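Following: one structure in structure tokens, then a few remarks.
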Amino acid sequence: MSVVHVAFNDKSYDVKIDNNLHTQIGSEVASVWTPRKIAILTDSNVSPLYLADTQVQLENAGFEVLPLVVPAGEQSKSLVVAGDLIGQLAAHGFTRGDGLIALGGGVVGDLGGVVASLYMRGIAFIQIATSLTAQVDSSVGGKTAVNLGQTKNIAGSFYQPDLVLVDSTYLDTLSKRDLVEGYGEVVKTSALDSLDFFAYTGQIKSVSDIYQHAQELSQRSIAYKAKIVMADEKESGQRQFLNFGHTLGHAIELLAHGGLRHGEAVAIGMIAITEKFERDGVSPKGLTEAIRTRLVAVGLPTTSEFIGQPEFFNHLINDKKNHGGTLNLVALSAVGKPIIFKKNVTDMPAFIEQN
């Protein structure tokens, strides 16, 4: 088992990575929580696969379990759904001493974190990550949020879990597209982290390679993210590096209206932004192609017709990373050497459209 310890001034927890964790949920949760009521939040995709077994394990460990199932998909990341879930917790008599487990991918983790942080001003929270996106990125770091209208992740909080469990056997039931989506975040992290990790992703030549190396990819990705978030929990400095590819990616994702997954949009965003910074001499020659090669190898998209459209720039204006008209764009001066490059929103059309 690999363990990544995440520690802040007032909170610490372990991210445990092992392929037998799906059989040890009761004992793992009992190692951090005393007997209490637990809500298991999951979605309509994960529920038929893993909810019953997870519930039995927790009940056998002495917990009282309330299953909560939401429709799969980004539409469940809303204040309306969060409010409904909070109402269900209240109706079942949950107190501040009880807890919530998010059993699922990034959407369930985000939604669960929001609900746990809001209910009675905060109850205990655990993540059991079942998607690659969650296993390499979203389950760690304490960012929770829901969407409002066309704006992603606009209402949320920083709320750290008590434990994160990562078991790559959960990936066996993902569709190919859902698995590959998460790999977009892995490539992002490898480029941010080091030449060593970037070389490792360079060895991933197929979707089957992702399955084969999933545990190592999770461990390396989470170790990097933990290092960054421990140094900057509230995203005032270097945690912004994790937004590499995301500013443009989020705009593309919104314009696709569900036609693109988050990791697919981030893949496109990484290529688009690196092309421009390579053109301007900020990033080294050949870096765009090196990133593109890693994405194309597993079937991730790298271009979008939405880039440069008027609506694209409107979404940049509304991006929550817009600070008084200035975007903090993430560039790579070299692999493993991210920098923040400030760009006025009004200058973005020229920056994007120039050849």
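The values are calculated or read from the model by the stated rules, or taken from the named source; none is laboratory data. Treat the numbers as computed from the prediction; the structure is a model and nothing was measured. Don't worry about glycine lacking a Cβ; one is built from the backbone with ideal geometry, like all the others, and counts go over all protein chains shown. Calculation scope for accessible area: heavy atoms of the full protein, side chains included, ligands and nucleic acids excluded. Shrake-Rupley method; radii C 1.70, N 1.55, O 1.52, S 1.80 Å.
Brief remarks follow.
- Some residue of region 271-289 being farther than 12 Å from Ala331 by Cα, crowded, with 16+ Cβ neighbours inside 10 Å and β-branched (Val, Ile, Thr): no
- Gly182 being among the small types (Gly, Ala, Ser) and at pLDDT 95 or above: yes
- Tabulated pairs, region 12-30, first modelled with pLDDT under 95, second open to solvent by 30 Å² or more (accessible area, probe 1.4 Å), C-beta under 7 angstrom, 6+ apart or interchain: none
- Residues of region 215-246 that are β-branched (Val, Ile, Thr) and surrounded by fewer than 24 Cβ atoms within 10 Å (Cβ to Cβ): Ile228, Val229.
- Unique residue being more than 25 Å from Arg261 (Cβ to Cβ), touching a helix residue (DSSP H, G or I) at 6+ places or on another chain (Cβ under 9 Å) and of a type in the set (Lys, Arg) when the list is Arg36, Arg96: Arg96
- Inspection of region 305-320 finds no residue satisfying the criterion of being crowded, with 22+ Cβ neighbours inside 10 Å, at pLDDT 95 or above and either farther than 29 Å from Thr169 by Cβ or out of contact with any strand residue (DSSP E or B) (no Cβ under 6 Å at 6 or more places or on another chain) (or both).
- Residue check for Gly122: open to solvent by less than 20 Å² (accessible area, probe 1.4 Å) and in contact with a Lys or Arg (Cβ under 8 Å, 6 or more places away or on another chain): yes
- Residue match in region 342-353 (condition: within 21 Å of the chain's Cα centre (by Cα) and either closer than 23 Å to Gly259 by Cβ or loosely packed, with under 14 Cβ neighbours inside 10 Å (or both)): no
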